[in-house]
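Everything on this sheet refers to the single structure shown next.
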Amino acid sequence: MTKILIDCDPGHDDAVALLFAARHLDLVGITTVHGNSSLENTTHNALALMELGGLDIPVACGCAAPLVGNATFAPHIHGKSGLDGATLPQPSLKLVDAHAVDFIIDQAERHRGELVVAVIGPQTNLALALRREPRLAQWLREITVMGGSTTTGNVTPAAEFNIYCDPEAAAAVFASGIPVRMVGLNVTRRTGFTSADVDRLRSSSRRVAGVIADLLAFYLARQRESFGLDLAPMHDVCAIIPYAFPDLIRYGQTTVQVELGGALTRGMTVCDLRAFHPGTRLPAQLAQDGHVQVALEAESRLLIDRVIETILAYP
Ligand code: BDR
Ligand code: CA
């Protein structure tokens, strides 16, 4: 079973990703970061989700702001609390007595060669951990990221939210030389819950499914208002799925760089997909030299069915 640490900013889709990972993987810890809401809110939400799921997983609080500039939040998508739409239980679990950056380093050292770090929010915590402990490059098995896009962004035409919130951090992670698996909006925005899926959760008599149904109904309504999407995209669980069900997302190996300077394109993930287009010869070697597996397609319906079954299995 894959050992995984999830760095997150819950967030509706983060919530589902956490509950999914706790059932299928060896979830060694959770670290929190600014992003969908303030650090205070995302940390409270992570603890409340542990309470909801009856989970006893260490949670460490991380960075409140990006490496450069101020934090950006997404209340128009996730509400004021970062997880609006349901009343979550008060957390009884206490935070671990370590900063997220130190916690990531400790876990990587303890599980050398085995640990996957999943970053499903802005990448500030992991970038600082890499800066503080360069041996992470040897210790980590792999990094899996929800972030970026091979096509268009969501905050700007070019930039996806997690990368937009801390482009410098993302650039450091992609440039670290550690194998990275990136699933971006090109796949995740098409992989989500329909209102029928939400109803399926709601029709269960189980408490967790009922709370998740309320959360996703709120999130679906916000997706409709903001993007005209009739789907509640499960961006973040897409970064976790490959370790439980490896055949549901198809990846291609290549290079990814993060644009830091562009007036219009800051935060864009520049994925070299030239080798994937028929008739192109030049960059084939370049693509093979890359250390990023970029998600190209998903079995979206099957993936969401696995997620629904997992949520329904909670009490
Ligand atoms: C990403 O941004 C957040 O709003 C979601 O939780 C996801 O991690 C999608 O752009
Ligand atoms: Ca997230």
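The values are calculated or read from the model by the stated rules, or taken from the named source; none is laboratory data. Here the structure is a predicted model, which means the values were calculated and not measured. Every residue, glycine among them, receives a Cβ derived from its backbone with ideal geometry; neighbour counts consider all protein chains shown. Heads up: the accessible areas ignore ligands, DNA and RNA and are worked out on the full protein's heavy atoms, side chains in. Shrake-Rupley method; radii C 1.70, N 1.55, O 1.52, S 1.80 Å.
Residues that are within 16 Å of ligand 2 (Cβ to nearest atom), open to solvent by 20 Å² or more (accessible area, probe 1.4 Å), of a type outside the set (A, V, I, L, M) and in contact with a helix residue (DSSP H, G or I) (Cβ under 7 Å, 6 or more places away or on another chain): does segment 83-94 have at least one? The answer is yes; a qualifying residue exists. Return a yes/no flag: does segment 200-221 have any residue that is closer than 18 Å to Ile304 by Cβ and under 17 Å from the mean Cα position of the chain (by Cα). Yes, there is a match, as at least one residue in segment 200-221 is closer than 18 Å to Ile304 by Cβ and under 17 Å from the mean Cα position of the chain (by Cα).
Scanning segment 10-39 for residues that are crowded, with 23+ Cβ neighbours inside 10 Å and part of a loop (DSSP other than H, G, I, E, B) gives Pro10, Gly11, Val33, His34, Gly35, Asn36, Ser37. In segment 289-312, the residues that are at negative phi reach residues that are acidic (Asp, Glu) and at pLDDT below 95 with C-beta atoms within less than 8 angstrom, at least six apart or across chains, in these pairs: Gly290/Asp272. Kindly indicate the residue of segment 1-36 that is out of contact with any Leu (no Cβ under 8 Å at 6 or more places or on another chain) and charged (D, E, K, R) and also farthest from ligand 1 (Cβ to nearest atom) among those meeting that condition. My answer is Asp26.
Check segment 236-244 and report whether any residue there is modelled with pLDDT of 95 or more, touching a Leu at 6+ places or on another chain (Cβ under 6 Å), away from ligand 2 (no atom under 16 Å from the Cβ) and open to solvent by less than 10 Å² (accessible area, probe 1.4 Å). No, that holds for no residue.
Scoring Gly192 on the criteria (1) away from ligand 1 (no atom under 16 Å from the Cβ); (2) more than 20 Å from Pro66 (Cβ to Cβ); (3) open to solvent by less than 10 Å² (accessible area, probe 1.4 Å) leaves a single failure, condition (1).
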